[in-house]
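Okay, structure first, notes after.
The values are calculated or read from the model by the stated rules, or taken from the named source; none is laboratory data. The model shown is predicted, which means the values in this text are computed figures rather than measured ones. So basically every Cβ, Gly included, is an ideal-geometry build from the backbone, and we count neighbours across all protein chains shown. These accessible areas exclude ligands, DNA and RNA; they are computed on the full protein's heavy atoms, side chains included. Shrake-Rupley method; radii C 1.70, N 1.55, O 1.52, S 1.80 Å.
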2 protein chains.
Amino acid sequence: MLALAACLCAGHARAEDGYELWLRYHPLPAAAAAAYRNQAGQLIVGKATSTQAATRSELLRGLGGLLGTPPPLSAEVTRDGAIVAGTPSSSALIASLHLDTRDLGSEGYLVRSMRVNGHAATVIAGNTDIGVLYGAFRFLRLLQIGRPAGTLDLRDTPRMQLRVLDHWDDLDRHVERGYAGQSLWNWWTLPDDLDPRYTDYARANASIGINGSVLNNVNADPLILTHRYLLKVAALAGVFRAWGIRAYLSVPFDAPVRLGGLKTADPLDPAVRGWWRDKADEIYRLIPDFGGFLVKAHSEGQSGPQDYGRTHADGANMLAAALAPHGGVVMWRAFVYANRPGEDRVKQAWDEFKPLDGKFAANVLLQVKNGPLDFQPREPFNPLFGAMPKTPLMMELQITKEYLGFATNLVYLGPLFKEALAADTMAHGKGSTVARVIEGRRDGHAPSGIAGVANTGSERDWCGSDFNQANWYAFGRLAWDPQQSARAIADDWVRMTFSNDPGFVGPVVDMMMASREAAVDYMTPLGLAHQMGAGSHYGPAPWDHSLPRADWNPTYYNRADARGIGFDRTATGSDAVAQYAPPLARCLADLACVPDAYLLWFHHVPWTYRMRSGATLWQALVEHYTRGLDAVQTMRASWRGLQGHVDAERQLKAAAFLAIQQREAQWWRDASIAYWQSLNSLPLPPGYAPPAHPLRYYESLTFPDAPGQSR
Amino acid sequence: MLALAACLCAGHARAEDGYELWLRYHPLPAAAAAAYRNQAGQLIVGKATSTQAATRSELLRGLGGLLGTPPPLSAEVTRDGAIVAGTPSSSALIASLHLDTRDLGSEGYLVRSMRVNGHAATVIAGNTDIGVLYGAFRFLRLLQIGRPAGTLDLRDTPRMQLRVLDHWDDLDRHVERGYAGQSLWNWWTLPDDLDPRYTDYARANASIGINGSVLNNVNADPLILTHRYLLKVAALAGVFRAWGIRAYLSVPFDAPVRLGGLKTADPLDPAVRGWWRDKADEIYRLIPDFGGFLVKAHSEGQSGPQDYGRTHADGANMLAAALAPHGGVVMWRAFVYANRPGEDRVKQAWDEFKPLDGKFAANVLLQVKNGPLDFQPREPFNPLFGAMPKTPLMMELQITKEYLGFATNLVYLGPLFKEALAADTMAHGKGSTVARVIEGRRDGHAPSGIAGVANTGSERDWCGSDFNQANWYAFGRLAWDPQQSARAIADDWVRMTFSNDPGFVGPVVDMMMASREAAVDYMTPLGLAHQMGAGSHYGPAPWDHSLPRADWNPTYYNRADARGIGFDRTATGSDAVAQYAPPLARCLADLACVPDAYLLWFHHVPWTYRMRSGATLWQALVEHYTRGLDAVQTMRASWRGLQGHVDAERQLKAAAFLAIQQREAQWWRDASIAYWQSLNSLPLPPGYAPPAHPLRYYESLTFPDAPGQSR
């Protein structure tokens, strides 16, 4: 109360700095608040467990914020408008309602308007405390987005079991491919100091159903497995527990050597197996609900079982055996491309892992990136999906915008995530979507999961921009239910984050929905990929071949010369198409069938190739680049027009970032066109502006200071 | 207003997260507020310049916060209780008062209660807008600390001209010896995005009289001098300008080679001179009030004029010539110790610079650390002070606690800063204090200055802990007037930052005032220095000799063996005492005269040496270590006892940090005693607990993850 009074009178209002995310809970308009108050006149919710206490505090905070004052707590329903939250086993009142909770599983909930003790009430129930917490967040969301709350009958359960954020956070707080400040984890002051932000992180995740957090970079430092660090991990896990979030760790495969002093990390060596078993036991003594390990093995310099002549399955199963007695899982990454030098990089994971299908222990998930390359603005889906029916495949999406302009570009990834999830593998005929594969029901997989590489950091707004928060939000919502639409999720997010003002919501959702295609267009249209500056992944550099590995460079991917452009992945080229199910492979290999969006991914064609539209490829490319730039200009104008609808602080910041994005979109368009012209000597189609600078200008730009680079 | 309403009703009060610093402006108790309202009934202040607008906004914000509502603005005095702020030249009303502002200079102010237009009023006046802004902050401070405001007659001017923060911030936002997150400057999003925090940084500095900011690390990246970065610097300078803060840059001496492509950086080479002249012109075109350059030359791997056979004066004067036409200065660091290998490190700066006295251009200041070593918990003053009467010496203090336990230790540096400033050089007889030397009046120096190595960063609380804010605050207050007492400054800071509650203020000021001596005691008592882990500067490592340069290692400084300990700097040793004025040198060289606090700095003595107290040196050492630990325990208990007097968030954080500090104090005491015992085989004095672990345990501890290390 002291602090609240202070806030009331501070004379200067606190800024809209984005810290509150979509849990903003600012007061609803008076009429809406008055209506809702009739449905929130009393709160009956336990506090016997930490999750119950969290549920109670969130409902008080949310309703108090939205409605002006929180409803009074009560032990029983004594008036209309009560909210009753709990499980049949923790609440005699809930038990007395004889709700059918059988299909809610261990995380589902129902939210139902019904009579309780003769009064109108809203019941939020589940089989577990965490289900009830999810239901409470769902109920609050309804109020935030202005939906009627008087006649509810909602039931929901997650489609996947593990809904996880992967933090590529180094222990010195550098975040690889992070563009939002430092790591959220202040390892130096843990475990003593528990920054309140750790709780807010867990709240935000719980509100969208995320239930796991891999705390450290997949390029893992063995220090994380020292006892000193495990105490810190335990402190974070202790904060997260109430909110249903399990902690996981990335571990280096050679930790027994680097940390344990063993001579080998051979997964079949008894001492190695014993070391990991002891380490797992130590971890579980400190963190009884520890989630498990994420492993990047034999990839980009990381050690792996192949260093000892063993397979990925040998390595994964050895860790799985250490974790199994405690209920932990191994998330083993399929992101490898070191095995067969000279082979098309995008083929290598399939080559390496498909033969191992059926060889993994029951508590191993293979974590597969959405596409076969690396989180490009657009890629075809990874052909491993559908190809390993005996192995639980966990999808890895990237929320941080490593290849999409970093924090300053407005690119809503909902459509990208949806495209990846909805892609049809045709592995079992039409409708075998990637989402169905990872949900695992058809193949009867017990663990199922999806991971997102987090975009969070120490910046006040968490994600480096307000709009980047939408990508965190959309990931969580889609991880819970991949069938939801990207637009509906954006609509919810805008309402929760900014306002229900229809003059604002519509235009902003339109901006967001157009933003990803705009980025594809101005960066890498028509199936191009990896044209960013080598290493930094910042800005256009289609000419770049500076890095030692061919397949780290843009020229490897564009294969452009005087006559044509694109990567032949048909039978006349690398034959990567053959990794897809036959009917799909046939289409992708066929110029008459392959979608324009993947043309240059699968085919090398002449600049004069005639598109379905009748335009030449060269004309179409120029048109796409220009269209992308135009779309950014449209977004920027649209945002400028919304000035009166949004607080000045967030308005100004997004406007500054859109100015950057417009400059970068222009740069992408102009530099790309200038480079292609230097090869093909073709004139621009009529009506298109030439690049602002000569090619040598674009080639001269260097950005040693580009953020997020790996160390 | 929209945002304020939101704040009122958010349901959850904003946390006391330390962001507001000492400009907290939370509501005063009702009685106090009522009394002040009679002296703040009306506000007359211009807004014709950005500084006037800043003054107006700060008075509205401050009075609005403290008193509940801001006073109405008015063009003239129409009632009692008016506040009139301005300069004679900008305000006809101020001019009509015929105030005597002659001695206020360009930054001074007066705050006076007087009749204006027949009404009781408070007049805040100066010769310049910035003087008025300083006066406004002074007036607000009076209210914050609960002083009577009705009968004021204050006049104040700064004793030094350049009051500067040095940011050791790298361009990738790493802060060397920074323990509060990343750099405040988000170079990647500058100049487009102007984080509101940049303004709050400038406000905080202006409130304590700081008027300059060196934006980047003295280990400087030439990238800072590219046009792309100068645009970013200009954007920050543009934010700072209204608040009287000038931007400065650290520059690498070899920038003409690394950035300009020249073959040499020889300061006498015409092309080099031309390059710097052009660069200065370019900077001043973008930033007309740019402050100048800070240079770390020929020190710890940095290039310098000696690389080309020239002197420090040649180098400094070349840069000075480039800046002089624009009014800029060169701050040339005297922190060098590379010249004479084998020579006592603490002697080398004096050896190198004293012969150059009188050789520097008029716009060069020599920036000299307070002690001759490197920001130790305690050092004697640097003998250069008083030894170079023909050169303006600028003092460099360290606000960040590189050698004092980093951010988590509570060590109030006011007493350390005071000790450094009040030290008597005896260069011109008794009373020639270091403060008098750097004020420069005796020697008639035009530029005078003092710099503090900043402890700020991107952490929400700016400094990594609430109590670290006091060190930033004390630096500014002492830079303005070195005669103020550390206790009085602490008292103001506690009141402004926490509360005027006398049951809180007294105990907390006592804690703060005892904290620095506690740190000296548990870390490096009786004149020991640099006993921290080599490189990291974290934790005790008196045994450490791991680094390649002898004088980077603790053993170099303690010189301990079976018979004794300490560094003989008398004539029988390095004779560093001879660098001090003769009467002082005689005392320091004499065991009968040297203060205990500097005993082992100047003398190597046997463990059995008899102190004035009658105890042996060994007994005294153990007693000091133990006393330091006891003092931390006392601080911790004291803070625990104040629980009801302070908000829970700040209480918990400081309590967590005090727990860390107690652990570390114990570790310092025990590890130091264990190591000395391994050499001297002496028993502990009766009643003193033995170290908790054997020496090998302490020696085995490694902290590759210690924050703030240089790259």
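Give me the residue from the range A:695-705 that is open to solvent by less than 60 Å² (accessible area, probe 1.4 Å) and more than 14 Å from chain B (Cβ to nearest Cβ) and, out of that set, nearest to the chain's Cα centre (by Cα). Going through the qualifying residues, I end up with A:698.
Listed conditions (1) within 13 Å of chain B (Cβ to nearest Cβ); (2) in contact (Cβ under 8 Å) with a residue 24 or more places away in the chain; (3) in a loop (DSSP other than H, G, I, E, B) are all met by residue A:193, apart from (2). Taking residue A:407 as the residue in question, decide whether it is outside any loop (DSSP other than H, G, I, E, B) and among the aliphatic types (A, V, I, L, M). Yes.
Does residue A:190 qualify as being open to solvent by 30 Å² or more (accessible area, probe 1.4 Å), under 30 Å from residue B:464 (Cα atoms) and among the hydrophobic types (A, V, I, L, M, F, W, C)? No, not satisfied.
Among residues of the range A:59-77 being surrounded by fewer than 21 Cβ atoms within 10 Å (Cβ to Cβ) and facing chain B (nearest Cβ under 10 Å), the one that is nearest to residue A:23 (Cα to Cα) is A:61.
For the range A:76-98, filtering for residues that are assigned to a loop (DSSP other than H, G, I, E, B) and under 17 Å from residue A:133 (Cβ atoms) leaves 5. Among the residues in the range A:163-171, are any more than 23 Å from residue A:282 (Cα to Cα), in contact (Cβ under 8 Å) with a residue 60 or more places away in the chain and not in a strand (DSSP E or B)? Yes, the range A:163-171 has at least one match. Restricted to the range A:483-525, and to residues there that are within 30 Å of residue A:674 (Cα to Cα) and among the small types (Gly, Ala, Ser), the residue that is surrounded by the fewest Cβ atoms within 10 Å (Cβ to Cβ) is A:514. Answer yes or no: is there a residue in the range B:613-620 that is among the aromatic types (Phe, Trp, Tyr) and either assigned to a helix (DSSP H, G or I) or within 26 Å of the chain's Cα centre (by Cα) (or both). Yes, the range B:613-620 has at least one match. Pairs linking a residue in the range A:173-185 that is within 12 Å of residue A:710 (Cα to Cα) to a residue that is outside any loop (DSSP other than H, G, I, E, B) and open to solvent by 20 Å² or more (accessible area, probe 1.4 Å), with Cβ atoms under 8 Å and 6 or more positions apart or on different chains, do not occur. Considering A:426, A:395, the condition of being open to solvent by 10 Å² or more (accessible area, probe 1.4 Å), in contact with a helix residue (DSSP H, G or I) (Cβ under 6 Å, 6 or more places away or on another chain) and either modelled with pLDDT of 95 or more or not β-branched (Val, Ile, Thr) (or both) is satisfied by A:426 alone.
The residues on offer are B:655, B:637, and the sole one that is free of Cβ contacts under 8 Å to residues at least 40 places away in the same chain, over 30 Å from residue B:566 (Cβ atoms) and either over 29 Å from the mean Cα position of the chain (by Cα) or away from chain A (no Cβ under 14 Å) (or both) is B:637.
Scan the range A:538-569 for residues that are open to solvent by less than 30 Å² (accessible area, probe 1.4 Å), over 29 Å from the mean Cα position of the chain (by Cα) and hydroxyl-bearing (Ser, Thr, Tyr) and the total you get is 0.
Against the criterion of being more than 13 Å from every other protein chain (Cβ to nearest Cβ) and in a loop (DSSP other than H, G, I, E, B), residue B:21 qualifies.
For the range A:131-179, enumerate the residues that are aliphatic (A, V, I, L, M) and closer than 16 Å to residue A:106 by Cα. Passing the criteria: A:132, A:133, A:136, A:160, A:162. You will find that of A:442, A:436, A:460, the residue that is farther than 28 Å from residue A:631 by Cβ, open to solvent by 20 Å² or more (accessible area, probe 1.4 Å) and not in a loop (DSSP other than H, G, I, E, B) is A:436 and no other. May I ask you to verify whether residue B:499 is closer than 13 Å to residue B:650 by Cβ and hydroxyl-bearing (Ser, Thr, Tyr)? The answer is yes for residue B:499. Whether any residue in the range A:215-225 is modelled with pLDDT of 95 or more, in a helix (DSSP H, G or I), more than 27 Å from residue A:447 (Cα to Cα) and open to solvent by 40 Å² or more (accessible area, probe 1.4 Å) is what I want to check. Among the residues of the range A:215-225, not one is modelled with pLDDT of 95 or more, in a helix (DSSP H, G or I), more than 27 Å from residue A:447 (Cα to Cα) and open to solvent by 40 Å² or more (accessible area, probe 1.4 Å), which makes the answer no. When the range B:349-387 is filtered for residues that are basic (Lys, Arg) and either within 20 Å of residue B:523 (Cβ to Cβ) or assigned to a loop (DSSP other than H, G, I, E, B) (or both), the ones remaining, listed by number, are B:359, B:369, B:378.
Determine whether residue A:233 is under 27 Å from the mean Cα position of the chain (by Cα), in the same structural domain as residue A:366 (by TED's automatic domain parsing), open to solvent by 20 Å² or more (accessible area, probe 1.4 Å) and farther than 30 Å from residue A:549 by Cβ. No, not satisfied. The set of residues in the range B:286-322 being open to solvent by less than 40 Å² (accessible area, probe 1.4 Å), over 21 Å from residue B:395 (Cα atoms) and assigned to a helix (DSSP H, G or I) consists of B:305, B:318, B:322.
When restricted to residues that are in contact with a Lys or Arg (Cβ under 7 Å, 6 or more places away or on another chain), in a strand (DSSP E or B) and surrounded by fewer than 22 Cβ atoms within 10 Å (Cβ to Cβ), the range A:36-58 contains 1. Pairs are defined by a Cβ separation below 8 Å, a sequence spacing of at least 6 or placement on different chains, a first member in the range B:416-431 that is within 15 Å of residue B:595 (Cβ to Cβ) and touching a residue at least 24 places away in the same chain (Cβ under 8 Å), and a second member that is open to solvent by 20 Å² or more (accessible area, probe 1.4 Å) and basic (Lys, Arg); the pairs so defined are B:419/B:378; B:424/B:430. Only one of the listed residues (B:273, B:203, B:246) is out of contact with any strand residue (DSSP E or B) (no Cβ under 6 Å at 6 or more places or on another chain) and open to solvent by 50 Å² or more (accessible area, probe 1.4 Å). That residue is B:273.
Does the range A:563-572 contain any residue that is away from chain B (no Cβ under 14 Å), part of a helix (DSSP H, G or I) and either in contact with a Leu (Cβ under 7 Å, 6 or more places away or on another chain) or modelled with pLDDT of 95 or more (or both)? Checking the range A:563-572: not a single residue is away from chain B (no Cβ under 14 Å), part of a helix (DSSP H, G or I) and either in contact with a Leu (Cβ under 7 Å, 6 or more places away or on another chain) or modelled with pLDDT of 95 or more (or both). Looking across the range A:246-281, the residues that are aromatic (Phe, Trp, Tyr) and in a helix (DSSP H, G or I) come down to A:275, A:276. Going by what's in this entry, would residue B:386 be described as at positive phi and touching a residue at least 40 places away in the same chain (Cβ under 8 Å)? Yes. Among the residues that make up the range B:127-137, is at least one of them assigned to a helix (DSSP H, G or I), touching a helix residue (DSSP H, G or I) at 6+ places or on another chain (Cβ under 9 Å) and without any contact (Cβ under 8 Å) to a residue 40 or more places away in the chain? No; the residues of the range B:127-137 include none that is assigned to a helix (DSSP H, G or I), touching a helix residue (DSSP H, G or I) at 6+ places or on another chain (Cβ under 9 Å) and without any contact (Cβ under 8 Å) to a residue 40 or more places away in the chain.
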